Amino acid sequence: MKNSKKYDFIANGLYYIIKGKEVIVSGSVLDDFNGYANMVHGTPKCDIIIPKFVTFKGERYYVTMIGAKAFSGCSGIVSVTIPPTVTKIGRSAFFGCSGLREIAIPSSVTEIGEFAFYGCKYLNQKTA
């Protein structure tokens with residue numbers, strides 16, 4: 001598996017790290033297959049929808065952050081929808097996501113890390 005990021009569980013194709021009663025999105029299952037897909041079939045295209053909360057082992061966790069380098073280099077992402085529970089986008093979270101064209105960032109996001117969107121050359125929308 002290509003993904004060397006730390007995570008506590010996977011739900012709906014996203015990796016999560018538990019922090020108390022909240023979770024941080026730390027990546028996407030798409031990251032694991034991106035290299036293979038580029039070589040064999042071309043880059044898969046997808047829309048990422050981050051949920052307000054996820055349930056793991058019977059517990060509900062609110063998604064409050066997109067972690068550092070969470071989707072870094074994932075060229076197959078075309079759009080991202082972020083819920084109003086997220087308050088922070090980590091450093092280099094979408095670094096090099098060359099296919100990213102649209103992202104809906106709610107007003108709840110009060111911190112965007114350095115280089116969060118560096119290399120997203122086709123990105124034409126950053127706020128919702």
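Just so it is clear, none of the values below were taken in a lab; they were calculated from the coordinates. Keep in mind it's a predicted model, so treat the numbers as computed, not measured. Here the Cβ positions follow ideal geometry from the backbone for every residue, glycine too, while neighbour counts run over all protein chains shown.
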* To do: Please identify which residues in segment 58-96 have an amide N closer than 19 Å to a label point set 7 Å out from the Cα of S107, following the Cα→Cβ vector.
  => 82-89
* Are any of the pairs K19/K52; K6/K88; K19/K45; K19/K121; K19/K88 more than 24 Å apart by Cα-Cα distance, and if so, which? -> K19/K45; K19/K121
* Reduced Cα scattering model of segment 9-112, Debye log10 I(q)/I(0), q = 0.20, 0.23 Å⁻¹ -> -0.99, -1.26
* Asked: Which order do peptides 19-26, 88-95, 52-59 fall in by mean Cβ count within 10 Å, highest first?
  -> 88-95, 19-26, 52-59
* **Nearest-20 debye value, segment 9-112 charge dipole, Cβ charges on Lys, Arg, Asp, Glu** => 220 debye
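To the nearest 0.05, how large is the calculated FRET efficiency for K52 and N124 if R₀ is 25 Å and r is the Cβ-Cβ distance?
Working: r = 25 Å, r/R0 = 1.01.
After rounding, the FRET efficiency stands at 0.50.
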